[in-house]
Amino acid sequence: MLPELLVATDLDFSQLRGTRPVAAGQWEDVQRADAEREGFVITLRLLLRGGKTFTAHDDAPGWDDLIEHAEDALDGFPGVAALTDMLNGTTGSLTIYTR
């Protein structure tokens, strides 16, 4: 299976498998963000307007860039270090952003 690549800009974000986009969204459509730690991997779920969910994992290339763009685009979204700290010692999903 081809690895996933996360790509983010000031306006939008996407997930590529090889060169093919498999998921995408725009920052203005993010309604809520949930994160959880599963073993050593952090999973981020962005719930978008219209009911779609964008899921990303911190072991994918582009993770730091995705989080940095989310921090800039979404008021109150935690940075990489803050997100990691928030999830230390937690179990289950944690809502880290709501519009």
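What FRET efficiency, computed as 1/(1 + (r/R0)^6) with R0 = 22 Å and r the Cβ-Cβ distance, is obtained for THR90 and VAL7, rounded to the nearest 0.05?
0.20
If Lys and Arg each add +1 and Asp and Glu each add -1, what is the summed charge of the other residues whose beta carbon sits under 14 Å from the beta carbon of LEU5?
On the way: positive: ARG17, ARG20; negative: GLU4, ASP58, ASP59, ASP64, ASP65.
Overall, the nearby charge balance is -3.
Find how much the distance from GLU38 to GLN26 grows on full extension, using 0.36 nm per residue of separation minus their present alpha carbon separation; answer in nm with one decimal.
Full-extension gain reported as 1.7 nm.
Using helices alone, what [θ] at 222 nm do you get for the chain, with -39,500 (n - 2.57) per DSSP H run of 4 or more residues, divided over all residues and rounded to the nearest 500?
Values: 2 runs with 19 residues, N = 99.
When only DSSP H runs of four or more count, the value is -5500 deg cm²/dmol.
Quick note: the coordinates plus some simple rules give every number you see, no bench work behind them. Model, not experiment: these values are computed from the prediction. Neighbour counts are summed over all protein chains in view; Cβ atoms, including those assigned to glycine, are modelled from backbone coordinates with ideal geometry.
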